[in-house]
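What follows is a short report on a single structure.
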Amino acid sequence: MTQNTFLDKLSEKIVSSYPDKLQDIVIVLPNKRAKVFLLEALKRQLTTTVFAPEIISIEDFVQNVSGIRAIDPIELLFEFYSVYLGLTEKEKQQPFENFANWGKTLLQDFNEIDRYLLNPKHVLSYLKDIEDIKHWSLDMEKRTTMIENYLEFWNLLPVYYDALYEHLLKKEAGYQGLVYREAVGNINHFSNAFKKHKLVFAGFNALNAAEERIIRHLLSSGQAEIYWDIDETFLNDPYHDAGLFIRRFKQSWREYHTQPFEWIANDFSKEKNIKIIGTPKTVGQAKIAGQLVEKLQTEGHGLDKTALVLGEENMLIPMLYSLPNSVGSLNITMGYSSKNNPAQLLIQKLFKMHTNAINRSETSYTLYYREVLDVLTHPLIEPHSGASYLVDVINKNNITFFSLNKLFEIQGEASPFFTLLFERWDNDVKSVLGRLSDILLMLKEFMGSDDEEEKIAKAFLYSVFKVINKLINYTDSHPELNNLAVLYTIYKQVVELAEVSFEGEPLTGLQVMGVLESRVLDFENVIITSMNEGKFPSGKTQNSFIPYDVKRELGLPTYKEKDAIYSYHFYHLLMRAKNIYLLYNTESEGLDAGERSRFLTQLEIEKKPLHNLESTIYNAYLPDKAYEPMLIQKSDKVMERLKEIATGRGFSPSALTGYIRNPIQFYYQRVLRIREVDEVEESIALNTLGTIIHGALEELYKPFLGKFLTVQDIDGMKALVDDEVMRQFVLVYKEGEIKKGRNLLAFEVAKRNVHNLLKQERRLIEEGDAVKVLALEETFERWLEDSRLPYAVKISGNIDRIEQRNGKIRIVDYKTGKVEKNNLVLKTWEGLPADIKNEKIIQLLTYAFMYEPNVNGMETEAGIISFKNMKTGFMNFSFKEGAERSAPIVNSIDMDMLAQFKTELIGLINEILNPDIPFEEKLD
């Protein structure tokens, strides 16, 4: 910390004023965090060992004055609910989950009313009168039940307030406002009983009415002193929000008519380096903040003199990942809500999986694969679940829904941890909570203790663990917590109130904090993030039943006062700092966007002569080309692998067209043999549908291979279609769900396609076609030997169907997608492999080349049957030389045609086997 900070000045004053009575001084600060820093500052002033003064936060001090303990917000909500049930007729009682929505807001309003010492009956009946006036035009007879219930709610507010207040007083517990109101009532008694020498209030800015009353009473009785920390720049400017409250106290407190106002500093106008940095998105700010920390470190600035202030809490996780490794120690002091807490997200996933499993079927416990995988792949679970085999089986077998027994059957020997995660939940709320508590304890056991990341993960776990344990305690006293649905909604309500608190070494290393945690502290280097409107200051968000104008009239704080509080914190951070970095998000659209903060504009407009202020925008580096196509040179190993393919399994028609489509894909799939990762195919993909239809047709035609088909044969096949398609579905789609949703439609489409093909076949046979199927889904191979090739190359592939029809050999390729006749017309041989539009032609001609030795001089044709263009029937490859309409069309594939094709094919294979031609990615 820099010398000459507010805490240094305070400790100097205390040591010089009360050298012999330090242990009789009570110092009251705005927050607990500053205590450690003040003790350190006092140490620097002392040369001998003495008893330290008592240092306490304002909240703890007010609790001491009132004699009432502050109640936990979760406990408060339950206490309020029990009060509400006692006041409400049974038939009108709302379930806890509905009550909590408005109960939390009402508690905030009760809190404000008490902190500002307003008459609750006056405020709450005022609200009721406002609502009454809104409906004044409705005659009593015309008022609906809904309006009556609505007005009754406002009527009951004073009753709720009084009953809750009495209920909590009996328990000697209370929310903050109640504690403050009681403290004001008890201040005379406290003042008379106060035995210490002096109370010192220090570093305050905004005070609520109760705090003001207590402090002024103690000041006027001579038992207290107060030291402010305000710069003259803010105090003397009547329009500067940073001085709004202290300016008001200086003017209105009669104590300052007779005694000096202390202290007014003059630090803000001193020399400072201020850099305003705009960059896109939260992660951009995190990255730049990490670089700034590294820069300060390398320049020799101590990290213990550096504060990293996060304007919004969701910056914390990306920020931690962006800090350089050289940051040895780290002290995080900020509240982090449960919304993004990984442990909380895990509990939510478990709730979702188990409650849905119960609700899916009345008889069995049915799990959904996505919910299971969500749990198994959660970062806290994955390293310890031992379920990689289970995940593989689910993905490979398309298991979408399955029973709990099936899950344990696949897992085999389940660890105690796995069993805890997946064992059946019943409606016994206490046992479910006990199991969740055990899961969190087990996760804690899995973690180490030294690693900084592990410590943070433990803090996340502990925060949720406390919530679960509180809920376990509440199940005894609250019978309404009687089933899983209620438990889940209550869990969601109460976990919102649970913040994560981190532990660290407060005096060493980098200080990472929220805005409120920076109170009273001074740093030499300050980095502040999220300097955007709506974040810093936080804007007009107001969760209250009390309208803005009523708040103004009653003297309750509104968003204007909230902005002034932010203004003070911001300028106080800058007051004694030397190097200041202010980061904001330049994006004007999106979830975390917003215009830059007014504080930045204010700094620029009211720039002090000694301020070295600089504004800059950091954008990610954008190269001239967004993406450079990948280029893989053919090494000796690659050439060996290509020869292995060419002389081993051979090049298939799909491999050749794959190369034409994108050489890099050919390289990955054929050379490197990289397969796509198995994933559950929840909706049947087109290629899976194609496999099912191919398989069904193969099985249906197989008994008739080598014989001429009759109408009766086709009718026999038609009778078997539905069963065969179902069999293929089970074979190919394995355990995927096919009886509902899109998959049921896909099943019907597959049946329709097969029926349509058989219907067409039957019609053609009736019209006189003589058809003999020679081969189905059969693999053919042929060596391509030519002096133009470096060595003989095998061409090998699977042909869907070969038949003899009306004295010709016909090669048929089935396509589930749509193919038009013009896709199969070739006009010139030149550059055939260069155009991807020719891929189907190349495929058909390759089939014809492979089958040529078997044609025995018969005329050959090759073509496609497209299931999405069934009305066209068999579409054969044809060659039309020239663009003229009158140019002859050749449908048969003869020796000359195959010789021409062979030349083009050799050219394509030579390109693949040429070591000087790299595999180059095609972007389109």
- line: With the first residue restricted to the range 79-93 and required to be closer than 10 Å to Tyr160 by Cα and outside the structural domain of Ile490 (by TED's automatic domain parsing), and the second required to be hydroxyl-bearing (Ser, Thr, Tyr) and surrounded by 15 or more Cβ atoms within 10 Å (Cβ to Cβ), Cβ contacts under 9 Å at 6 or more apart or on different chains are Phe80/Tyr160; Val83/Tyr160; Tyr84/Tyr160; Leu87/Tyr160
- prompt: Taking only pairs six or more apart or across chains, which ones have beta-carbon atoms under 6 Å, a first residue in the range 193-217 that is on the phi > 0 side of the Ramachandran plot, and a second residue that is in a loop (DSSP other than H, G, I, E, B) and crowded, with 16+ Cβ neighbours inside 10 Å?
  reply: Gly203/Pro30; Gly203/Asp229; Gly203/Val520
Criterion (modelled with pLDDT of 85 or more and either touching a Ser or Thr at 6+ places or on another chain (Cβ under 8 Å) or on the phi > 0 side of the Ramachandran plot (or both)) met by exactly one of Arg673, Arg727: Arg673
- request: Report the residue count in the range 267-287 for those that are assigned to a helix (DSSP H, G or I) and either modelled with pLDDT of 95 or more or farther than 19 Å from Met531 by Cα (or both).
  value: 0
- prompt: Got a number for residues in the range 705-723 being in a helix (DSSP H, G or I), among the hydrophobic types (A, V, I, L, M, F, W, C) and in contact (Cβ under 8 Å) with a residue 24 or more places away in the chain?
  reply: 4
- request: Answer yes if at least one residue in the range 536-550 is among the aromatic types (Phe, Trp, Tyr), closer than 30 Å to Lys305 by Cβ and assigned to a loop (DSSP other than H, G, I, E, B), and no otherwise.
  value: yes
message: Looking only at the range 455-484, count every residue that is assigned to a helix (DSSP H, G or I), at pLDDT below 80 and farther than 18 Å from Leu380 by Cα and tell me the total.
response: 2
- prompt: Does the range 816-833 hold any residues that are surrounded by fewer than 19 Cβ atoms within 10 Å (Cβ to Cβ) and either of a type in the set (Lys, Arg) or part of a strand (DSSP E or B) (or both), and which are they?
  reply: Lys818, Lys821, Val825, Lys827
field: Every residue from the range 332-355 that is among the polar types (S, T, N, Q), over 17 Å from the mean Cα position of the chain (by Cα) and within 25 Å of Met319 (Cα to Cα)
entry: Thr333
message: Residues that are out of contact with any Leu (no Cβ under 6 Å at 6 or more places or on another chain), part of a helix (DSSP H, G or I) and either among the hydroxyl-bearing types (Ser, Thr, Tyr) or at positive phi (or both): does the range 309-319 have at least one?
response: no
statement: Selection from the range 532-549 of residues in contact (Cβ under 8 Å) with a residue 60 or more places away in the chain and in contact with a helix residue (DSSP H, G or I) (Cβ under 6 Å, 6 or more places away or on another chain) yields Pro537, Asn543, Ser544, Phe545, Ile546
field: Any hit, the range 752-774, residues being in contact (Cβ under 8 Å) with a residue 24 or more places away in the chain, more than 26 Å from Asn869 (Cα to Cα), surrounded by 17 or more Cβ atoms within 10 Å (Cβ to Cβ) and of a type in the set (Asp, Glu)
entry: no
task: Hey, can you tell me all the residues within the range 5-57 that are of a type in the set (S, T, N, Q) and under 24 Å from Phe268 (Cα atoms)?
output: Thr5, Ser11, Asn31
message: For Asp24, only one of the following conditions fails: (1) at pLDDT 90 or above; (2) in contact with an Asp or Glu (Cβ under 6 Å, 6 or more places away or on another chain); (3) farther than 30 Å from Gln108 by Cα. What is its number?
response: (2)
query: Considering the range 610-628 alone, what residues qualify as being in a loop (DSSP other than H, G, I, E, B) and surrounded by 11 or more Cβ atoms within 10 Å (Cβ to Cβ)?
result: Tyr618
- request: Considering (1) modelled with pLDDT under 90; (2) closer than 24 Å to Met353 by Cα; (3) of a type in the set (Asp, Glu), say which one Glu503 fails and leave the rest.
  value: (2)
- request: Identify, by number, the condition in (1) surrounded by fewer than 16 Cβ atoms within 10 Å (Cβ to Cβ); (2) in contact with a Phe, Trp or Tyr (Cβ under 7 Å, 6 or more places away or on another chain) that Lys607 doesn't meet.
  value: (2)
Selection status of Lys35, free of Cβ contacts under 8 Å to residues at least 40 places away in the same chain, surrounded by fewer than 20 Cβ atoms within 10 Å (Cβ to Cβ) and either in contact with a His (Cβ under 9 Å, 6 or more places away or on another chain) or closer than 23 Å to Ala577 by Cβ (or both): yes
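Table: residues versus (1) in contact with a strand residue (DSSP E or B) (Cβ under 8 Å, 6 or more places away or on another chain); (2) more than 30 Å from Tyr81 (Cβ to Cβ); (3) surrounded by 15 or more Cβ atoms within 10 Å (Cβ to Cβ).
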| residue | (1), (2), (3) |
| --- | --- |
| Leu443 | no, yes, yes |
| Lys458 | no, yes, yes |
| Leu461 | no, no, yes |
| Asn473 | no, no, no |
| Val486 | no, no, yes |
| Ile490 | no, no, yes |
| Gln493 | no, no, yes |
| Leu497 | no, no, yes |
Odd one out for Asn856 among (1) without any contact (Cβ under 8 Å) to a residue 24 or more places away in the chain; (2) assigned to a helix (DSSP H, G or I): (2)
task: Please find, among Ala210, Ala289, Ala206, Ala242, the residue that is buried (at least 18 other Cβ atoms within 10 Å of the Cβ), in contact with a strand residue (DSSP E or B) (Cβ under 7 Å, 6 or more places away or on another chain) and of a type in the set (Gly, Ala, Ser).
output: Ala289
- line: The residue from Ser11, Ser16 that alone is modelled with pLDDT of 90 or more and over 26 Å from Leu516 (Cβ atoms) is Ser16
task: Any residue in the range 416-427 that's polar (S, T, N, Q): show its pairings with residues that are surrounded by fewer than 16 Cβ atoms within 10 Å (Cβ to Cβ) at Cβ separation under 9 Å, as long as the two are six or more apart or on different chains.
output: Asn427/Asn482; Asn427/Asn483
- request: Evaluate the following for Glu553: is it crowded, with 16+ Cβ neighbours inside 10 Å, among the acidic types (Asp, Glu) and either assigned to a loop (DSSP other than H, G, I, E, B) or in the same structural domain as Lys305 (by TED's automatic domain parsing) (or both)?
  value: no
message: Taking the conditions exactly as written (in the same structural domain as His572 (by TED's automatic domain parsing), surrounded by 17 or more Cβ atoms within 10 Å (Cβ to Cβ), among the aliphatic types (A, V, I, L, M) and touching a Phe, Trp or Tyr at 6+ places or on another chain (Cβ under 9 Å)), does Val515 satisfy them or not?
response: yes
- request: For the range 413-424, indicate whether the set of residues that are in a helix (DSSP H, G or I), modelled with pLDDT of 90 or more and within 21 Å of Lys740 (Cβ to Cβ) is non-empty.
  value: no
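The values are calculated or read from the model by the stated rules, or taken from the named source; none is laboratory data. Small disclaimer: the values here were computed from a predicted structure and weren't measured. Neighbour counts are summed over all protein chains in view; Cβ atoms, including those assigned to glycine, are modelled from backbone coordinates with ideal geometry.
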